[in-house]
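Read the structure below first, then the notes.
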Amino acid sequence: MSTRTVPESVAARRARIAALICEQVVSSQEDLGRLLADDGIVVTQATLSRDLDAIGAVKKADAGGGTRYRVPEQQKWDTSLPVGIQRCRGS
């Protein structure tokens, strides 16, 4: 089991959101809120919505016919995000 550090800034929280979207299928804000809560990050739905908008996350169809959030191409050059996020697959 890995130990995660709770982000202390808005930028760190947004980077964690982008990482979660890159690491796994996130189909809804509710799913994302639960994943963040599992990391000890509790945010309101309004804050989560603003964060998704700020990082440019978009909801797109996936291969299974459902939808999921994606981090757009612009994140590949966004140096405010960790290197692993800049290379997010499935964008």
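Within segment 37-59, the set of residues being in contact with a Lys or Arg (Cβ under 7 Å, 6 or more places away or on another chain) and either in a helix (DSSP H, G or I) or at pLDDT 95 or above (or both) comprises D51, A54, I55.
Within segment 64-76, restricting attention to residues that are out of contact with any helix residue (DSSP H, G or I) (no Cβ under 6 Å at 6 or more places or on another chain) and modelled with pLDDT of 85 or more, the residue that is surrounded by the fewest Cβ atoms within 10 Å (Cβ to Cβ) is G65. Annotation note: Cβ proximity below 8 Å between a residue of segment 6-27 that is modelled with pLDDT under 85 and a residue that is of a type in the set (K, R) (sequence gap 6+ or interchain) occurs for P7/R13; P7/R16.
The values are calculated or read from the model by the stated rules, or taken from the named source; none is laboratory data. Note that the coordinates shown come from a computational prediction; the quantities given were computed from them, not determined experimentally. Every residue, glycine as well, gets a Cβ built from its backbone with ideal geometry; the counts of neighbours run over all protein chains shown.
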